[in-house]
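Notes to accompany the following structure.
The values are calculated or read from the model by the stated rules, or taken from the named source; none is laboratory data. These numbers were taken from a predicted model, which means no experiment stands behind them. Reconstructed Cβ throughout: ideal geometry from the backbone, glycine too, with neighbour counts over all protein chains shown. Heads up: the accessible areas ignore ligands, DNA and RNA and are worked out on the full protein's heavy atoms, side chains in. Shrake-Rupley method; radii C 1.70, N 1.55, O 1.52, S 1.80 Å.
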Amino acid sequence: GALPRVKLAEYQKQTKVYAYPLDTVSFTEGYCVAIGEALAAGARVVARPEDAVEEVYGRSVRWVRAGIPGERFREAFAKAVIEELRGESSSRQQVTEEVIAKYTWKNSGELMLKALALAQENNLKKGA
């Protein structure tokens, strides 16, 4: 069920690895805020690169490719999670910090303002 944001943040701070296999059969979230929250909380992330998540999070996430069919994908995903739990993978800390810094509220707001200004400029050109 739903958790208060404060309680959710407490759990996230305790998370060592966030495993997000992305269900390709049902509707998924293209940007995946949950991955960003996990990274911000200091967790390592293992995910399947579907939708826009690989473009957004890049090398800060350990990707397990979707091309591996069925049981082989599950095995590869589980192996990646175990390696992350054991700390056997390469460190992505610097890249993770860069990704987190890129998606602050301030930066997101500035990008939105630029997009709105560009849309307004384009509309003015069409109307002239």
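Worth a mention:
- Some residue of the stretch 23-39 being part of a loop (DSSP other than H, G, I, E, B) and modelled with pLDDT of 85 or more: no
Residue-wise test of (1) of a type in the set (Val, Ile, Thr); (2) touching a Leu at 6+ places or on another chain (Cβ under 9 Å); (3) at pLDDT below 85; (4) not in a helix (DSSP H, G or I).
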{"position": "56", "(1), (2), (3), (4)": "yes, no, no, no"}
{"position": "59", "(1), (2), (3), (4)": "no, no, no, no"}
{"position": "67", "(1), (2), (3), (4)": "no, no, yes, yes"}
{"position": "74", "(1), (2), (3), (4)": "no, no, no, no"}
{"position": "88", "(1), (2), (3), (4)": "no, no, yes, yes"}
{"position": "94", "(1), (2), (3), (4)": "no, no, yes, no"}
{"position": "100", "(1), (2), (3), (4)": "yes, yes, yes, no"}
{"position": "112", "(1), (2), (3), (4)": "no, no, no, no"}
{"position": "118", "(1), (2), (3), (4)": "no, no, no, no"}
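- Failed condition for residue 45, given (1) more than 22 Å from residue 108 (Cβ to Cβ); (2) at pLDDT 90 or above: (1)
- Subset of the stretch 93-115 [hydrophobic (A, V, I, L, M, F, W, C) and open to solvent by 100 Å² or more (accessible area, probe 1.4 Å)]: 105, 111, 112, 113
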